[in-house]
1. How charged is the neighbourhood of D117? Take every other residue with its Cβ under 13 Å from the Cβ of D117, and add Lys/Arg as +1 and Asp/Glu as -1.
2. If I compute solvent accessible area with a 1.4 Å probe over the protein chains, what percent of it on the range 403-486 is carbon and sulfur?
3. At 1.4 Å probe size, with every protein chain present, just tell me what the per residue accessible area of the range 343-460 comes to in Å².
4. How many angstrom lie between the Cα centre of the range 125-200 and the Cα centre of the range 207-257?
5. To make sure I understand the rule: partners must be aspartates and glutamates, Cα under 17 Å from the Cα of K170, and not fewer than 8 residues away in the same chain. Which ones qualify?
6. Which of the listed residues, S249, A201, H184, is farthest toward the dipole's positive end in the range 182-252, when Lys, Arg count +1 and Asp, Glu count -1 at the beta-carbon?
7. Which percent of the accessible heavy-atom area of the range 251-358 goes to carbon and sulfur, probe 1.4 angstrom?
8. What spacing in nm lies between the two simple spin-label points modelled at R436 and R335, each 7 Å away from Cα in the Cβ direction?
Amino acid sequence: MSPIAAMDVCQNASVKNFEAAGSIFEIDSEFLRLSDKPRPVNVERKRSFDERSFSENSFRIIDHLENLSPAGRRSGFNTPRSCGFESHPMVVDAWESLRRTLVYFRSQPVGTIAALDHSVEELNYDQVFVRDFVPSALAFLMNGEHEVVRNFLLKTLHLQSREKMVDQFKLGAGVMPASFKVLHHPDRNIETLMADFGESAIGRVAPVDSGFWWIILLRAYTKSTGDSSLAEMPECQRGMRLILNLCLSEGFDTFPTLLCADGCCMIDRRMGVYGYPIEIQALFFMALRCALILLKQDDEGKEFVDRVATRLHALSYHMRNYFWLDMKQLNDIYRYKTEEYSHTAVNKFNVMPDSLPDWVFDFMPTRGGYFIGNVSPARMDFRWFCLGNCVAILSSLATPEQASAIMDLIESRWEELVGEMPLKICYPALESHEWRTVTGCDPKNTRWSYHNGGSWPVLLWLLTAACIKTGRPQIARRAIELAESRLSKDHWPEYYDGKLGLYVGKQARKFQTWSIAGYLVAKMMLEDPSHLGMISLEEDKQITHLVKRSASWTC
């Protein structure tokens with residue numbers, strides 16, 4: 001098929017589906033020498049407004065194919081502009097598949113649907129999800145296509161202000177929708193947007209992560225375009241303040257972490273992640289740091305800047321001390337005393353040493369560590385959660401030593417965490433009695449499936465970003481090669497099952513959009529590591545407590 005014909009097919013398919021602190025991360029010169037040799041630059045990218053170090057030596061996106069639409073102009077949403085690696089047939093297939101998922105509202109692209117699999121019931125997979133769109137947005141931004149991301153940010157912001165109720169109980173002001181759908185009204189010849197804030201979701205749980213992803217994506221857009229005018233709009237400033245006010249509110253909680261219900265994030269079914277799940281805490285931390293960059297220092301903004309800085313200081317200390325686990329910490333917990341009282345207590349959360357699961361002793365390598373899944377009174381969830389640990393690296397919630405330890409763990413436990421298809425959403429799986437009591441006998445979250453130890457290709461972009469930031473691109477290349485051996489042939493499944501990820505998920509959608517976009521983002525970041533600046537934050541010495549990798553929990 002010719003490029004022009006392919007464009008027409010993609011464009012028509014899109015319409016059909018629619019109807020049915022901020023400087024860029026600095027990579028040292030040694031890593032630049034080890035990376036793939038950059039290709040010739042034909043069109044220089046806009047320089048980000050707060051870049052300092054990626055000027056002369058940066059890897060740059062390539063733009064040497066002028067793909068034209070039949071009318072003779074560049075087709076903004078049909079062909080990739082960055083073509084240094086597009087000779088790979090899987091990349092071409094990915095871009096064509098991603099184009100077909102675009103959703104239009106009043107002739108403007110506003111996002112991508114969750115999946116394009118007509119072989120099964122659509123449910124809500126035909127909607128634009130906030131969290132699902134993030135890798136699609138990054139792919140478009142890296143490709144110089146900013147319009148769809150800008151439109152998405154503004155449309156979701158417009159939906160935020162609408163009043164939504166679940167069983168007649170009003171949601172807090174500032175909640176971002178989990179998803180939205182374009183509704184057509186042929187009789188009136190108009191289109192409207194219908195948002196879902198959790199009132200239609202399985203389990204009826206409002207998404208806590210949507211607002212955080214929105215702030216993170218707004219910063220990525222600003223970083224990519226070098227244009228801060230969108231973030232400075234009064235509507236965007238107000239939207240950020242509403243989100244921040246919601247999650248910074250003071251209450252009965254004694255911890256700086258954010259208290260959440262089960263099912264409030266990517267793991268959107270009952271999986272025992274209620275309380276203070278690592279995914280939410282890492283996203284919370286990253287969103288707060290992005291907000292510090294984006295908030296205007298006016299009368300209203302200054303108040304929030306001060307509140308954010310105070311929370312970041314406490315949150316970083318809490319997470320780095322009490323959520324961190326390595327060999328020394330594990331041995332300390334193993335020897336804990338219980339029923340301690342007063343501020344001098346070593347076992348601050350009264351965790352019972354007998355609650356340590358057997359698997360964690362074999363899983364923990366001599367070198368390496370990770371942020372555990374949850375910490376609350378008398379409870380520690382020692383499971384590994386991929387998204388939370390990768391975001392901890394990208395946001396610099398993890399200290400440089402902790403970030404290196406997380407990568408050491410991934411390398412040491414490659415078979416368990418990566419296997420034959422990247423990447424385990426969590427490890428290990430819940431089985432038998434534990435599965436029954438924690439998941440409520442969920443038939444979709446059986447062992448080594450879906451959220452319960454399933455392998456999710458979308459996580460590839462997060463792993464790649466973490467690898468580049470920690471100077472270990474070879475790990476990402478190895479994972480991408482595994483994905484390339486099967487992902488396209490299997491028609492881009494949502495997830496894989498089994499201990500090694502050998503089997504296409506029993507209920508996995510095909511042509512899952514974020515599986516496609518996650519692969520593209522991973523490939524583009526390896527091709528041009530300067531893209532990392534969109535989604536990575538350097539360590540801020542003003543909010544950090546230096547915590548050594550093997551620091552005791554008694555700190």
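1. -2
2. On the range 403-486, the fraction of accessible area on carbon and sulfur atoms equals 45 percent.
3. 33
4. Measuring centre to centre over Cα atoms gives 16 Å.
5. Answer for K170, where 17 Å is the Cα cut-off: D196, E199, listed by chain and number.
6. With unit charges placed on the Cβ atoms, the residue in question is S249.
7. Result for the range 251-358: 54 percent of the exposed heavy-atom area is carbon or sulfur.
8. Result: 3.9 nm between the two label points.
The values are calculated or read from the model by the stated rules, or taken from the named source; none is laboratory data. Treat the numbers as computed from the prediction; the structure is a model and nothing was measured. Reconstructed Cβ throughout: ideal geometry from the backbone, glycine too, with neighbour counts over all protein chains shown. Ligands, DNA and RNA are stripped out before the accessible areas are found, and what is left, the full protein with its side chains, is counted by its heavy atoms. Shrake-Rupley method; radii C 1.70, N 1.55, O 1.52, S 1.80 Å.
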